[in-house]
There are 2 protein chains.
Amino acid sequence: MTTLYPPLPETKAPPSGIIIERVQPEIDGGRYPIKRVMGDVLQVSADIFKDSHDKIAAVLQYRRRSDPDWQEAEMHLVENDRWTGQFLLPDNTRYVYTIAAFPDRWATWSDEVGKKHTAGQDVALELVEGRLILEEALDRAVSADREVLEAGIAIAAGTASQAAKVQYLLGDEVALAMQRARSRAGEAHYATELEVVVDRPAARFAAWYEFFPRSAGTDPTRSATFAEAARRLPAIAAMGFDVAYLTPIHPIGTAFRKGKNNTLNLEPDDPGVPYAIGSEDGGHDAIEPGLGTLEDFQRFVATAASLGMEVALDVALQASPDHPWAKEHPEWFSVRPDGTIRYAENPPKKYQDIYPINFDTPAWRELWQELRRILVFWVEQGVKTFRVDNPHTKSMAFWEWVIASVQAEHPDVIFLSEAFTRPKVMKLLAKAGFTQSYTYFTWRNFKRELEEYFIELTQSEMKEYYRGNLFPNTHDILPFILQEGGRPAFKMRFALAATLSSVYGIYSSYELCENTPVPGREEYLNSEKYEYKVWDWDRPGNIIPYITQVNAMRREHPALQFYDNLHFYPSDDEHITCYGKATEDGSDRVVMVVNLDPFDTHETWLHLPVDEWGFPAGQPFQVEDLLTGEIHLWHEEQHMRLDPQDEPARFYAVRPITRVSYVEGCG
Amino acid sequence: MTTLYPPLPETKAPPSGIIIERVQPEIDGGRYPIKRVMGDVLQVSADIFKDSHDKIAAVLQYRRRSDPDWQEAEMHLVENDRWTGQFLLPDNTRYVYTIAAFPDRWATWSDEVGKKHTAGQDVALELVEGRLILEEALDRAVSADREVLEAGIAIAAGTASQAAKVQYLLGDEVALAMQRARSRAGEAHYATELEVVVDRPAARFAAWYEFFPRSAGTDPTRSATFAEAARRLPAIAAMGFDVAYLTPIHPIGTAFRKGKNNTLNLEPDDPGVPYAIGSEDGGHDAIEPGLGTLEDFQRFVATAASLGMEVALDVALQASPDHPWAKEHPEWFSVRPDGTIRYAENPPKKYQDIYPINFDTPAWRELWQELRRILVFWVEQGVKTFRVDNPHTKSMAFWEWVIASVQAEHPDVIFLSEAFTRPKVMKLLAKAGFTQSYTYFTWRNFKRELEEYFIELTQSEMKEYYRGNLFPNTHDILPFILQEGGRPAFKMRFALAATLSSVYGIYSSYELCENTPVPGREEYLNSEKYEYKVWDWDRPGNIIPYITQVNAMRREHPALQFYDNLHFYPSDDEHITCYGKATEDGSDRVVMVVNLDPFDTHETWLHLPVDEWGFPAGQPFQVEDLLTGEIHLWHEEQHMRLDPQDEPARFYAVRPITRVSYVEGCG
């Protein structure tokens, strides 16, 4: 029963009249953490105000989540009761932050006395009050501050003129000493401790390359081994990729194994789908024998590391009917009335080769611990990045727990959420802890839909917790734009992925512009999912040099290494999008112009915000074409023509024109 | 110390995969209640979804705050995981509401079986599963539902064809019976109970008339009595006002009493400012002797009631130096180092005749209780509405407590916040409990600023908790627009106040277009605050008939009695604003067109959303001029000319044209 008569508050002192609200960043009232990267400075703002006309002060309080003690940073009033403060996030760990505010008696007194003295009023009594405030603060003052306050007390009590007393007491020296020695009486606290996950830099800036290791060899009749796949790594590194992401490497089941092109007509040599995990050779902590041994895998990881790359694994939490779990832990699956384990379905589609895990099982504790054990097992093999398959069909509470739990011991582990589902579910996975997320980029082809979506991703609240890892293709998705648009589309979509976000990836064969579909579907014909493949990596028409050049550009230009610094600029043509990124200090600035139509040439006027960039008004500025190295002079209103057969996208480093003083001679 | 290793949840069952978030309406995470009026239907919406592909159901739970048991209303999916539900608020009390959601096993099963059966797949095993779900639900089913489920069980187990079984089990009859008998296993609850304050109708719809009772007589040398002031009430009622709001009626202090026009040159007969409350005749629970006795006041209240009006009192929580509190409770004030009580100041201005209360006093509990006692004292004299003077200079926590506490016993009491201060402080007072609030309307004169402000007031989150009571003037404020714009401005600003909001007020002499200022200031010359006044209520040029007509229109048109149903329509001229209000069913619709320039005639084209109104496209519709009674035919694009000397504002009842079928004859 709630009481009908609100009791008086139980505190001894009356409730603080200070309000702290609308803190930003804050996700869902603090229910979920925000995300940042090591070295970032976290800006926090809030509405902070007090009833009455008293002046207040506010501090941002923060600590590593594992530390008991708060540190503090002063907050400052911006305008309209909005305050802001900031602190550095040096380490790869979780921090918490909150806000405290309290009446600033000295500021209130100073404001009052200043106004009265200016109006020629007698302030004798106010000077007594001021002295009392200084005396109360004296014990908290240290070293030089103590002398400043003692001098103030002596002057206030002395025989100097009121003007002289006011001049000293309202001076900056006393104000600063009092800020350090001030009373915290009447302090109010924001009710919530907010969390920020601070990731390593690769969480925000990385280029991913996905491939099937079994298809990285030269013999189409058998699986390539890790040793053979490792020979692909130098080429991948040379293109400028940071992450070599492997589809599942575990033993593949034989029960209901799928044949080529997802058929049921299995031929004896068909290798099966790597996502049908588990056989008599083991489950999620085992290696498919065709690829080699755990030691082979460790050598593969070491080779990648020697090339400056890391290896990401695919985490598909499901089992083939041959998985050891199916025998040892049938309670982790759904059992039907006839005693069979329920296989995966998306009616009317049936996936008899895959058993989904039942996260509602009464044995959920053992299940969760086992899944965590598997993740930590691979972390211990040197894998610090996981791409998680279909996380939205698993338990959201599990992800929140397991990611926090793994990162508590291994804060450098990165989780990418492979969910293509309803927008709110995709957002929730990111809030629950996924470091990065797949996006709808894959299907955002036209100007308005593309710009709207990227404004949401990078300028709305989403930027605080959702890092879009852009894939123009995946092993499951060959979008129609690539099927129909051919090589110009492959270049155009690559340019977008690599510059709209700081983190992106491609699925191998993209560099070859491979686009033969299952007719009428967004799927690859003769997909590697169902068969061994051998690729000619020098195939004519490949865009390997282009990819290499764009990745090099990303590494050279820090502006391209941030996520939420994306801004679109008006372009008159409906096919040409224009956008830019810059470092916070403006020292690096890059502008992209992309023709989204892979078929036809378009031209447009661009309208560039040179004012915002701080360039001199009415003057040209310099741009460097990052593909050709050519220098051009541009104006605020700039004409542009893009032929997709030539270059569908242009990348420009932008800088104010350099003026040479001929008085001093020119070099 | 927080743990670095998140422990597994402690529940026996695995955590529910159901998410309930972004509930609306909800103010600051449920920290503050929303507001509604008796008889309203509260619409609640939320994002509700589940990991996996299970179907879910959701219910809105609600109860009077004083009731222990929840009632439930079914919620329905709108789109994109957004659900909505509603419930009626019949009573003048506080309600709480929240949301529960749970897996809907039968809906999940039905969806799966429907798809498989349609695809021609065998569903024998699914039919067994369906029977098990029905059997589990059977014990919860009552009367006819039980028979429906028993029939379903028999059919599922029987020898009918799969098609026949599917047809029966997927039918509406079983679906409805299962909705009533469904399992609530796996139920998730929204973490917060949200509150709604349900006020009596006058909280949203009322016209206020403010006056100084001491100036309501015929003798300028003395205070009018309540008996004399009561003779003004029929005229006020005849103009159509609902609330007679009196400036403070308590004894006025003599110490530092202010003379005419706020001077210090006091003459012996100067009556003092009614806001300097308290003398040897008593304090906030006493009556100024010049006005009469408590019995006289009670008779005044009764006279108002007999005319269909209520009396509102001014609550100014401050004391004259002669207030009994100054002697009996000096601890409720701030005492300075010289032993004097601190008087009110707004440096360099000094108000020696007023002591502000110190809400930070250690004796705050006794103080709060005494202030509450005073409010309840006046409630017991029949006063159900308080206009609170300068609430922002008092304790916010006090207001939150005292309003809830008074309304717990007297839910029909209305509090109006007279705060003209920073926007966030004004909003917080409304969140903390004030039923209505003053607004910046008084200074929003031009089209863009006016429309922007009213869109914020009535279409943003503010509509949930902030009811703007619009005053074009107050005893403290004679805005420049009225000083300069004269009679046309008085009509124009009145028209806006009476139709932009459902609740508004004027300060007396407005009907006389009194606008003599203290030169250069927004204050009345020879203000009633400092002297007795006698008014000629028949003064030439008065707008009493206009006010009477507009108030009658407000009572006749329910569209004008709602607050958040305001919509602006495009008008080409920068001086002419056009807006409309309608009842939810569209049966009453009123459109206003106002020339905001009191000096010159302007003309414009209006662009009216006849589609949204559901009127036939391309056809004229009928409008009735509510000032003249004339009928016109209008089109979607309508021309309009407004001469402020004639009528600065037009009010139209809008309806589709009536078609008469001549076949049946016309009457």
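Figures for the structure shown
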{"quantity": "Segment B:562-606, residues that are within 24 Å of the chain's Cα centre (by Cα) and either open to solvent by 50 Å² or more (accessible area, probe 1.4 Å) or among the small types (Gly, Ala, Ser) (or both)", "calculated": "B:PHE562, B:ASP564, B:HIS567, B:GLY580, B:ALA582, B:GLU584, B:ASP585, B:GLY586, B:SER587"}
{"quantity": "Residue count, segment A:178-189 (criterion: open to solvent by 40 Å² or more (accessible area, probe 1.4 Å) and outside any helix (DSSP H, G or I))", "calculated": "5"}
{"quantity": "Filter pass, B:ARG448 being farther than 27 Å from B:TYR32 by Cβ, open to solvent by 10 Å² or more (accessible area, probe 1.4 Å) and either in contact with a Cys (Cβ under 6 Å, 6 or more places away or on another chain) or among the charged types (D, E, K, R) (or both)", "calculated": "yes"}
{"quantity": "Verdict on A:ASN265 being open to solvent by 10 Å² or more (accessible area, probe 1.4 Å) and free of Cβ contacts under 8 Å to residues at least 12 places away in the same chain", "calculated": "yes"}
{"quantity": "Exclusive hit being of a type in the set (Asp, Glu) and in contact (Cβ under 8 Å) with a residue 60 or more places away in the chain, set A:ASP81, A:ASP28, A:ASP51", "calculated": "A:ASP28"}
{"quantity": "Listing of strands (runs of 3 or more DSSP E) fully contained in segment B:324-422 that carry 1 or more residues being under 21 Å from the mean Cα position of the chain (by Cα)", "calculated": "B:385-389, B:414-418"}
{"quantity": "Of the criteria (1) open to solvent by 20 Å² or more (accessible area, probe 1.4 Å); (2) under 30 Å from A:VAL41 (Cα atoms), which one A:VAL196 fails", "calculated": "(1)"}
{"quantity": "Residue tally, condition closer than 16 Å to A:LEU470 by Cα and at the interface with another protein chain (Cβ under 8 Å from one of its Cβ atoms), over segment A:374-433", "calculated": "1"}
{"quantity": "Looking only at segment A:360-372, and only at residues there that are in contact with an Asp or Glu (Cβ under 8 Å, 6 or more places away or on another chain) and open to solvent by 10 Å² or more (accessible area, probe 1.4 Å), the one that is nearest to the other protein chains (Cβ to nearest Cβ)", "calculated": "A:PRO362"}
{"quantity": "Test: residue in segment A:27-40 that is basic (Lys, Arg), in contact with a strand residue (DSSP E or B) (Cβ under 8 Å, 6 or more places away or on another chain), within 9 Å of chain B (Cβ to nearest Cβ) and crowded, with 18+ Cβ neighbours inside 10 Å", "calculated": "no"}
{"quantity": "Enumeration of residues in segment B:184-200 that are more than 27 Å from the chain's Cα centre (by Cα) and either of a type in the set (Ser, Thr, Tyr) or within 11 Å of another protein chain (Cβ to nearest Cβ) (or both)", "calculated": "B:ALA185, B:GLY186, B:ALA188"}
{"quantity": "Strands (runs of 3 or more DSSP E) within segment B:54-127 that include 1 or more residues more than 11 Å from every other protein chain (Cβ to nearest Cβ) and touching a Pro at 6+ places or on another chain (Cβ under 7 Å)", "calculated": "B:56-64"}
{"quantity": "Filtered residues of segment B:515-526 (kept if surrounded by fewer than 19 Cβ atoms within 10 Å (Cβ to Cβ) and either in contact (Cβ under 8 Å) with a residue 40 or more places away in the chain or on the phi < 0 side of the Ramachandran plot (or both))", "calculated": "B:THR516, B:PRO517, B:VAL518, B:PRO519, B:ARG521, B:GLU522, B:GLU523, B:LEU525, B:ASN526"}
{"quantity": "Residue match in segment A:484-498 (condition: in a loop (DSSP other than H, G, I, E, B), touching a helix residue (DSSP H, G or I) at 6+ places or on another chain (Cβ under 9 Å) and buried (at least 19 other Cβ atoms within 10 Å of the Cβ))", "calculated": "no"}
{"quantity": "Failed condition for A:TYR440, given (1) more than 25 Å from B:ASP47 (Cα to Cα); (2) surrounded by fewer than 18 Cβ atoms within 10 Å (Cβ to Cβ); (3) more than 13 Å from every other protein chain (Cβ to nearest Cβ); (4) not hydrophobic (A, V, I, L, M, F, W, C)", "calculated": "(1)"}
{"quantity": "Lone qualifier among A:PRO289, A:PRO271 - being touching a strand residue (DSSP E or B) at 6+ places or on another chain (Cβ under 8 Å) and assigned to a loop (DSSP other than H, G, I, E, B)", "calculated": "A:PRO271"}
{"quantity": "A:ALA229 touching an Asp or Glu at 6+ places or on another chain (Cβ under 6 Å), part of a helix (DSSP H, G or I) and buried (at least 22 other Cβ atoms within 10 Å of the Cβ)", "calculated": "no"}
{"quantity": "Test: residue in segment B:542-562 that is over 24 Å from B:ASP199 (Cα atoms) and in contact with a Pro (Cβ under 9 Å, 6 or more places away or on another chain)", "calculated": "no"}
{"quantity": "Filter pass, A:THR98 being in contact with a His (Cβ under 9 Å, 6 or more places away or on another chain), within 27 Å of A:ARG467 (Cα to Cα) and surrounded by fewer than 18 Cβ atoms within 10 Å (Cβ to Cβ)", "calculated": "no"}
{"quantity": "Residue in segment A:332-350 that is open to solvent by 50 Å² or more (accessible area, probe 1.4 Å) and away from every other protein chain (no Cβ under 13 Å) present", "calculated": "no"}
{"quantity": "Hey, B:ILE477 open to solvent by 20 Å² or more (accessible area, probe 1.4 Å), aliphatic (A, V, I, L, M) and within 29 Å of A:ASP47 (Cβ to Cβ) or not", "calculated": "no"}
{"quantity": "Of residues in segment B:41-52 being part of a strand (DSSP E or B) and crowded, with 21+ Cβ neighbours inside 10 Å, the one farthest from the other protein chains (Cβ to nearest Cβ)", "calculated": "B:VAL44"}
{"quantity": "Residue in segment A:137-144 that is more than 14 Å from chain B (Cβ to nearest Cβ), surrounded by fewer than 21 Cβ atoms within 10 Å (Cβ to Cβ) and in a strand (DSSP E or B) present", "calculated": "no"}
{"quantity": "Selection within segment B:585-621 - farther than 23 Å from B:LEU450 by Cα, among the polar types (S, T, N, Q) and at pLDDT 95 or above", "calculated": "B:SER587"}
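The values are calculated or read from the model by the stated rules, or taken from the named source; none is laboratory data. Source: prediction; values computed, not measured. So basically every Cβ, Gly included, is an ideal-geometry build from the backbone, and we count neighbours across all protein chains shown. Note: areas computed on protein heavy atoms with side chains; ligands, DNA, RNA excluded. Shrake-Rupley method; radii C 1.70, N 1.55, O 1.52, S 1.80 Å.
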